[in-house]
Amino acid sequence: MLIDAHQHFWRIGQNDCVWPTSDLAAIHRDFEPRDLRDVAGPDLVGAVTVQSQASDADTDWLLRLAYEEPLVLGVVGWVDLLSPQAPARIASLSAHPKFKGVRPMLQNLPDDAWIARSELAPAIDALVTYDLSLDALVLTRHLPHLLTLATRRPDLRIVIDHGAKPPIARDAFDEWADAMSRLAALPQVHCKLSGLLTEARPDQPPEVITPYVDQLIALFGPDRLMWGSDWPVVNLATDYAAWLEQARRVPALRAPTFAQAVFSDVARRFYRLDAGL
């Protein structure tokens with residue numbers, strides 16, 4: 001049984017969709033649930049759909065899509081967490097049974113320390129109150145600030161998207177690994193095994209991600225690591241089937257119990273997906 005912990009849908013030019021831009025030809029088109037079914041095949045029993053636009057309209061559309069599509073078990077949306085209306089917006093979204101958490105677009109913000117701002121406290125309180133999680137779309141430079149938040153708020157469930165997009169293209173392993181180890185020491189912090197291939201250079205082989213995968217496995221293990229396709233963004237580097245097959249060939253993930261956890265159970269538990277299965 002496969003649960004994809006991280007994938008996207010969008011309609012170009014609709015629902016405030018401004019990315020991907022036309023220069024990204026491989027993904028500059030509409031992507032719908034039927035497309036996900038086609039590429040993932042019969043093993044996929046459910047998916048967590050994650051926002052791709054910093055927009056309420058995009059989140060509302062994803063929830064309408066989830067209502068109609070049984071394959072979508074959960075939605076991670078966007079909320080302006082600094083807005084005075086954020087707690088009310090989070091409360092409203094939480095009434096949708098498939099709304100599971102929020103993802104601020106941290107990698108795009110000019111302030112690397114934004115996530116640690118004290119003004120976010122009312123929104124964070126609302127996430128905890130309604131048992132929602134935080135997806136952290138971050139790079140290595142954001143990790144110390146994410147650590148500040150995670151240390152301050154042990155009651156907030158956090159998952160690091162795409163292994164914090166390690167600097168694979170620059171072969172800069174050590175700083176990333178050290179920062180990730182500090183976060184992994186906190187039990188409420190989880191991580192997604194996703195989005196790694198698109199961080200490599202085109203001239204690097206797929207195996208270049210191996211030390212990063214091994215490090216994530218060592219840090220988060222079968223209790224806090226979940227696989228995601230990052231489809232259709234993954235199409236910029238490979239395709240859904242090839243990335244899934246590469247992940248399944250990782251020696252640690254070939255053990256049945258470990259594989260069951262990473263490819264299904266951790267996502268199901270972290271995102272509270274049981275009601276949808």
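Bear in mind these aren't lab numbers, they're just calculated from the coordinates by the rules spelled out. None of these values were measured; they are calculated from a predicted model. All Cβ positions, glycine included, derive from the backbone under ideal geometry; neighbour counts span all protein chains shown.
Miscellaneous remarks
- For the stretch 153-183, a tally of residues being under 24 Å from A47 (Cα atoms) and either in a helix (DSSP H, G or I) or among the small types (G, A, S) (or both) returns 4.
- Verdict on S181 being under 26 Å from R268 (Cα atoms) and more than 15 Å from the chain's Cα centre (by Cα): yes
- In the stretch 219-266, the qualifying residues are those that are part of a loop (DSSP other than H, G, I, E, B) and hydroxyl-bearing (S, T, Y), and the one that is nearest to H96 (Cα to Cα) is S229.
- Single condition P70 does not satisfy, out of (1) part of a loop (DSSP other than H, G, I, E, B); (2) more than 20 Å from the chain's Cα centre (by Cα); (3) loosely packed, with under 13 Cβ neighbours inside 10 Å; (4) at negative phi: (2)
- Any hit, the stretch 228-244, residues being in contact with a His (Cβ under 6 Å, 6 or more places away or on another chain) and surrounded by 22 or more Cβ atoms within 10 Å (Cβ to Cβ): yes
- With respect to being surrounded by fewer than 20 Cβ atoms within 10 Å (Cβ to Cβ) and in contact (Cβ under 8 Å) with a residue 12 or more places away in the chain, F220 falls outside the description.
Here is a yes/no grid of residues against (1) farther than 18 Å from I160 by Cβ; (2) among the small types (G, A, S):
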| site | (1), (2) |
| --- | --- |
| D214 | no, no |
| P222 | no, no |
| W231 | yes, no |
| A242 | yes, yes |
| A261 | no, yes |
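- Taken over the stretch 46-66, residues that are hydrophobic (A, V, I, L, M, F, W, C) and part of a strand (DSSP E or B) amount to 3.
- Taking residues in the stretch 8-26 that are within 13 Å of A54 (Cα to Cα), and partners anywhere that are aliphatic (A, V, I, L, M) and surrounded by 14 or more Cβ atoms within 10 Å (Cβ to Cβ), the pairs with Cβ atoms closer than 7 Å and at least 6 places apart or on different chains are P20/I27.
- Checked against the criterion of being farther than 16 Å from S194 by Cβ and of a type in the set (D, E, K, R), the candidates R272, R248 yield just one match: R272.
- Subset of the stretch 16-54 [touching a Ser or Thr at 6+ places or on another chain (Cβ under 7 Å) and under 20 Å from A66 (Cβ atoms)]: D16, Q51
- Unmet criterion (only one of (1) in contact (Cβ under 8 Å) with a residue 24 or more places away in the chain; (2) assigned to a helix (DSSP H, G or I); (3) under 20 Å from R103 (Cβ atoms)) for R269: (1)
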